[in-house]
Structure formats: structure tokens, C-alpha cells
1. If you check Gly26, Gly38, which single one turns out to be more than 30 Å from Gly106 (Cβ to Cβ) and outside any helix (DSSP H, G or I)?
2. If I ask for residues that are outside any strand (DSSP E or B) and open to solvent by 20 Å² or more (accessible area, probe 1.4 Å), which ones from the stretch 101-119 would you list?
3. Can you go through Gly70, Gly38, Gly94, Gly26 and tell me which one is surrounded by fewer than 13 Cβ atoms within 10 Å (Cβ to Cβ) and either at pLDDT below 50 or touching a Leu at 6+ places or on another chain (Cβ under 7 Å) (or both)?
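The values are calculated or read from the model by the stated rules, or taken from the named source; none is laboratory data. The structure displayed is predicted, hence computed values, not measured ones. Here the Cβ is made from the backbone with ideal geometry for all residues, glycine too, and neighbour counts use every protein chain on show. Ligands, DNA and RNA are excluded from the accessible area calculation, which covers all protein heavy atoms including side chains. Shrake-Rupley method; radii C 1.70, N 1.55, O 1.52, S 1.80 Å.
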Amino acid sequence: MVAHFNHPRELTPEAAAAAAALVEAGVVVLNQAVLLRGISDDAATLAALFTGLLDWGAALLPAPPRPDGGDGALPGEPGRGAGHRAGAAGAGDGAGWPTYVLEIPGGGGKVPVDSHYVRPTSTPGIWHLESPLDGAVHVYRDPAVLS
């Protein structure tokens, strides 16, 4: 099961009991967390979230910011998100280090920022993202840089 906890305040006793019941029943509980501007876009908040989820026995999955930066999500600036992830990772062991990914516009999948699938161009804010699904290269325009 994939949950979407984005802030440690969402890790309530009721949610913990539900996750424990699922884990006890043999269900693998995964979590995707989106970086949300002013809510979960700093390393300390992410570290608290990741630690709490790991205490429940949940595995961590990445969730990308929306390519258009809508709904309060941070635009997918690769350096910024990767920096938050690195800062949060310092708070725990390797299991608490989720991968920061970007979602390829147009349905090309998700790619880890620190992989060969993500390549900067000579233009700030423009990235080439290669789809692991079909090898097609897509242009990613970072709204944080290009707005």
C-alpha cells in the first residue's frame, strides 16, 4: 500500500495504529512524500517525517513535485530537492534516505535526480530527462528558475 504522508504532524496515533495493523497483516506499507512549499521543504521536517515512518516499519518512496509547481508543490529544481534529501538523510541510517526524483512531463516516468537520466543543459533551468521506459529525451523547464 502506498500512503502519502508529507509532514510529521500527519503521523498521528490513529495513523500509526492503522499502519501497524497493515504491517502485522503482512502488507508492505510504502510512503511517497511531496516537497510542499512552506510545509515540508526543509531538511529538519523531512528528517522527522522519515524517522517517524521508519519507526512504523514503512518503506520510503520518492514523490516528485508536480512539473508545473501547482498545488503548493515546489517546482522540481534538482539541486534544491536533492539538498533537502541529503540534509534529512544525515539524521538517520541508509534506510531513511529516499531517492529524490523528477517526474518527466508527458508521462515518461520518474527519474532519480542523481542519475544519468537527468542532464543539465547550458541554459539555467533547462534539463534533459531521459525516460527509462523508452529512452526518449524530454525537456524539463524548471519553473523556479524560468518564471
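1. Gly26
2. Those that are outside any strand (DSSP E or B) and open to solvent by 20 Å² or more (accessible area, probe 1.4 Å): Pro105, Gly106, Gly107, Gly109, Val113, Asp114, Ser115, His116, Tyr117.
3. Being surrounded by fewer than 13 Cβ atoms within 10 Å (Cβ to Cβ) and either at pLDDT below 50 or touching a Leu at 6+ places or on another chain (Cβ under 7 Å) (or both) holds for just one of Gly70, Gly38, Gly94, Gly26, which is Gly70.
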